[in-house]
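> Questions regarding the structure given below will be posed in turn.
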Amino acid sequence: MKTLLTGTLVTSDTLLPGDIGDQKKPHSLSQAAEQFENQFLRQMIKAMRQATDALVQDSPLDSKQQGLWRDFYDDQLSADLAATHSTGLAEMIVKQLSPATPPSETGHGGRSLSTERQTTDKD
């Protein structure tokens, strides 16, 4: 929960500027990363469907209604995959974009300074 300058209390259910209808803007890095993973998976599934559609263009079972329901299914599938973090893409984005540890705690390459000193003293 946050308190705005006006003194109002903001919860996770509160609509903020930029929120449209039921769609809320991501208010944290992890939410944005999950939404990106969802969009990425949706585009990947869409490209895979287009590749298979080229093989069965004149199928009597193919219809606009079937394509519509398949698109709904693909949307839900990509949302479920992103929500369960099955690909790990969201975690990698969060790890990449999160603030790094202070340079005083880690040396070059992410190793601690004490480890670096020990390896240089042995040489």
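> I need a count of the residues in region 41-86 that are surrounded by 11 or more Cβ atoms within 10 Å (Cβ to Cβ) and at pLDDT below 90.
Final tally of qualifying residues: 7.
> Please count how many residues of region 47-93 are free of Cβ contacts under 8 Å to residues at least 40 places away in the same chain, in a helix (DSSP H, G or I) and not polar (S, T, N, Q).
Total satisfying the criteria: 18.
> Within region 41-69, which residues are over 23 Å from the mean Cα position of the chain (by Cα) and basic (Lys, Arg)?
Lys64, the sole residue that qualifies.
> A further question on this structure: So which residues in region 94-104 are within 16 Å of Ala32 (Cβ to Cβ) and outside any helix (DSSP H, G or I), if there are any at all? I'd like the intermediate steps shown before the answer.
Step one: list which residues in region 94-104 are within 16 Å of Ala32 (Cβ to Cβ), which gives 94-99.
Result: Ser98, Pro99.
> Right, here's the next one. What are the residues in region 48-105 that are β-branched (Val, Ile, Thr) and closer than 15 Å to Gln31 by Cα, if any?
As a first pass, look at region 48-105 and keep what is β-branched (Val, Ile, Thr): 52, 56, 84, 87, 93-94, 101.
Those that are β-branched (Val, Ile, Thr) and closer than 15 Å to Gln31 by Cα: Thr84, Ile93, Val94.
> Take the conditions among the small types (Gly, Ala, Ser), surrounded by 10 or more Cβ atoms within 10 Å (Cβ to Cβ) and farther than 16 Å from Ala83 by Cβ and apply them to Ser30. Does it pass?
So Ser30 fails the test.
The values are calculated or read from the model by the stated rules, or taken from the named source; none is laboratory data. In this text the structure is predicted, and so the values were computed from the model without any measurement. All Cβ positions, even for glycine, are placed from backbone atoms using ideal geometry, and neighbour counts span all protein chains on display.
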